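The values are calculated or read from the model by the stated rules, or taken from the named source; none is laboratory data. If you're wondering where the values come from, they're calculated on a predicted model, not measured in any experiment. Glycine gets a Cβ as well: all are built from the backbone with ideal geometry, and neighbour counts include every protein chain shown.
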Amino acid sequence: MTSGSVTSATARRELLKEVYEQARGCIACQLHETRTQVVFGAGNANADLMFIGEAPGADEDRLGLPFVGRAGKLLDQLLGEIGLDRKDVFIANTLKCRPPSNRDPYPNEIESCSGYLRSQVELIAPKVICTLGNFSTKLLREDSTGISRLHGRDEVRTIGTRAIRLLPLYHPAAALYTPSNLQTLRDDFARIPDLLALDPPPQPAPAIEPAPAIEPAPAIESAAEPGPETQRAPASDGRPEPAPGTEPSPVAGDAQLGLF
C-alpha cells in the first residue's frame, strides 16, 4: 500500500513534522483566534492514497486529529469494505483550523491554508487523492464544478509539481444526513483499489527553480462572505464543546501525524 524506501519514508515524516510545526503557530487568518488546536492531518506519511476533506469539526478541534466523529467512523467503515485501514492512508483537510459554529470556510481562509495542504501533497506524493465534498474538490481541481457532477469520475490533475489521479467523492457527512447518498458513496469507494493498481501518471518536467516545499500563504485581513455550498453535518456528534480556556489534550508530533 505504500511506495518508496524506508529512507524516503523517514525523510517525509521529518519534513511533514516541519510543516506541522509551522502550521501550529500559524496566524495567517482569523481562525487562529478561535481554534483549540491545529488539525494538521494524520496517517501514513508514505501512503499511496490520501483523503482531503473540508475543515475540522468540534471533536477534531478538541483532539487535534481529522475525521474522529461520525463521518470519520463511516470513513473507517468504507475503507474496511475495500480492504484498507487508516494506517494505509493519510487524511487531511482543506482547512487546518475549525471555523466557528462549523460554518463553511471563507475564501481567504482556504487561500491562507492552501500552502500547508500543497506541501502535504508534495511530501506524501500519493498515487491517488480522494477529495471529500465540494471545497477540497474545487480547490484541487481549480474549478467551480460541484461534487454532484464529478463524484466517482477520476482524472489526472497536476497539483503543485506532481501529477496525481484525483477521485472526487461525496463527503461522508452527506451520506449520514442524506441516506440515499450512502450507496453512491460506497459505489465510488469501490473504484479506489483499481485506481491504486494503476501505474502512477507521467510526471511533468521539473521546473528550473522549483518553489520551496514549505510556503504558507500570507495573511489576508478581511474575510469574504461564504458562497452557497452543500450542507455540512455537525461534526461534534452531540458532545459538548470544550470550555473556553480549556487546554487541549497533549498530542505529540508523531501521534498527530499518525506515522503508523
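General remarks:
- Where a residue in segment 158-182 is in a strand (DSSP E or B) and its partner, wherever it lies, is of a type in the set (Ser, Thr, Tyr), with Cβ under 7 Å and at least six apart: Leu166/Thr131; Pro168/Thr131; Pro168/Thr137; Leu169/Thr131
- Test result for Asp48, farther than 15 Å from Pro126 by Cα, at pLDDT 95 or above and under 17 Å from the mean Cα position of the chain (by Cα): no
- Failed item in (1) in a helix (DSSP H, G or I); (2) within 24 Å of Ala190 (Cβ to Cβ); (3) among the aliphatic types (A, V, I, L, M), with Val19 passing the rest: (2)
- Remark: Leu150 matches the filter, which requires a residue to be under 24 Å from Leu196 (Cβ atoms) and crowded, with 18+ Cβ neighbours inside 10 Å.
- Against the list (1) among the hydrophobic types (A, V, I, L, M, F, W, C); (2) without any contact (Cβ under 8 Å) to a residue 12 or more places away in the chain; (3) under 20 Å from Thr131 (Cβ atoms); (4) part of a helix (DSSP H, G or I), the condition Ala11 fails is (3).
- Scanning segment 124-147 for residues that are assigned to a loop (DSSP other than H, G, I, E, B) and hydroxyl-bearing (Ser, Thr, Tyr), we see that the one that is surrounded by the most Cβ atoms within 10 Å (Cβ to Cβ) is Thr145.
- Selection count where residues are assigned to a loop (DSSP other than H, G, I, E, B) and of a type in the set (Ser, Thr, Tyr), scope segment 91-110: 2
- When segment 187-200 is filtered for residues that are of a type outside the set (Val, Ile, Thr), out of contact with any Gly (no Cβ under 7 Å at 6 or more places or on another chain) and surrounded by 15 or more Cβ atoms within 10 Å (Cβ to Cβ), the ones remaining, listed by number, are Phe189, Leu195, Leu196, Pro200.
- Residue in segment 134-154 that is closer than 20 Å to Asn93 by Cβ, in contact with a Cys (Cβ under 6 Å, 6 or more places away or on another chain) and of a type in the set (A, V, I, L, M, F, W, C) present: no
- Conditions (1) surrounded by 18 or more Cβ atoms within 10 Å (Cβ to Cβ); (2) among the hydrophobic types (A, V, I, L, M, F, W, C); (3) under 30 Å from Asp187 (Cα atoms): number failed by Ile82: (1)
- Condition check for Leu74: at pLDDT 95 or above, touching a Pro at 6+ places or on another chain (Cβ under 9 Å) and either surrounded by fewer than 24 Cβ atoms within 10 Å (Cβ to Cβ) or of a type outside the set (S, T, N, Q) (or both): yes
- Qualifying residue in segment 91-107 (condition: of a type in the set (Ser, Thr, Tyr) and over 22 Å from Leu195 (Cβ atoms)): yes
- Failed item, numbered, when Gly160 is tested on (1) touching a Leu at 6+ places or on another chain (Cβ under 8 Å); (2) on the phi > 0 side of the Ramachandran plot: (1)
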